[in-house]
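Participant: Pasting a structure below so you can have a look.
Values in this text are rule-based calculations from the coordinates and carry no lab data. Bear in mind that the values here come from a model prediction, so they are computed numbers and not experimental data. Cβ placement follows ideal geometry from the backbone for every residue including glycine, while neighbour counts extend to all protein chains displayed.
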Amino acid sequence: MINPVERILHTFKHVDTAPEQLVEEMVTAYEELSALYPNEIALQVIGISVTQSAVRNATQKGLLSIHNYTIDRFKAAGIKNVEKEVTTFLARGILCNISYFIDLHELIDGKKNQ
């Protein structure tokens, strides 16, 4: 069974697009992945809020893996201000997770739930 971090990295590695479209295509790929695996979204949200050391360590390791991969990928694409762009990218992902988890999609798309 593939773990959520491996699934995310696998998904990101298969984003094949022009450098100027990389960030948006990775966001789209993550949104699609989130729709397919909603329980993994819940685990990610819970993981960042649990203070028990084993859970916190697993969460840190997973986020760091995604962070490091994204830095390398953005650098290879020639994206400027890599650290800032990666921070923004990860923050968008975390906000996306929270909005899905609490069913408040207007945090992401600005539209009120119907």
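Participant: May I ask for log10 I(q)/I(0) of the chain at q = 0.15 Å⁻¹, from a Debye sum over the Cα atoms as equal point scatterers with solvent left out?
Facilitator: Computed log10 I(q)/I(0) values: -0.68.
Participant: Could you work out the mean projected area of the convex hull around the alpha carbons of segment 54-114, in square nanometres to one decimal? Working shown, then result.
Facilitator: Details: hull surface 20.7 nm².
Approximately 5.2 nm², given one-decimal rounding.
Participant: Next question, about the same structure. Among Thr70, Thr17, Thr51, which comes first, then next, by fewest other beta-carbon atoms within 10 Å? Mind dumping the intermediate values first?
Facilitator: On the way: Thr70 24, Thr17 14, Thr51 6.
With the fewest neighbours first, Thr70, Thr17, Thr51 line up as Thr51, Thr17, Thr70.
Participant: In whole Hz and in residue order, list the ³J(HN,Hα) couplings for segment 18-33 that follow from phi through the Karplus curve 6.51 cos²θ - 1.76 cosθ + 1.60, θ = phi - 60°; x for Gly and Pro.
Facilitator: Coupling constants for segment 18-33: 5, x, 6, 9, 4, 4, 5, 5, 5, 4, 4, 4, 5, 4, 5, 4 Hz.
Participant: Measuring from label point to label point, each 7 Å out along Cα→Cβ, what is the Glu20 to Thr87 span in nm?
Facilitator: Rounded to a tenth, the inter-label distance reads 2.7 nm.
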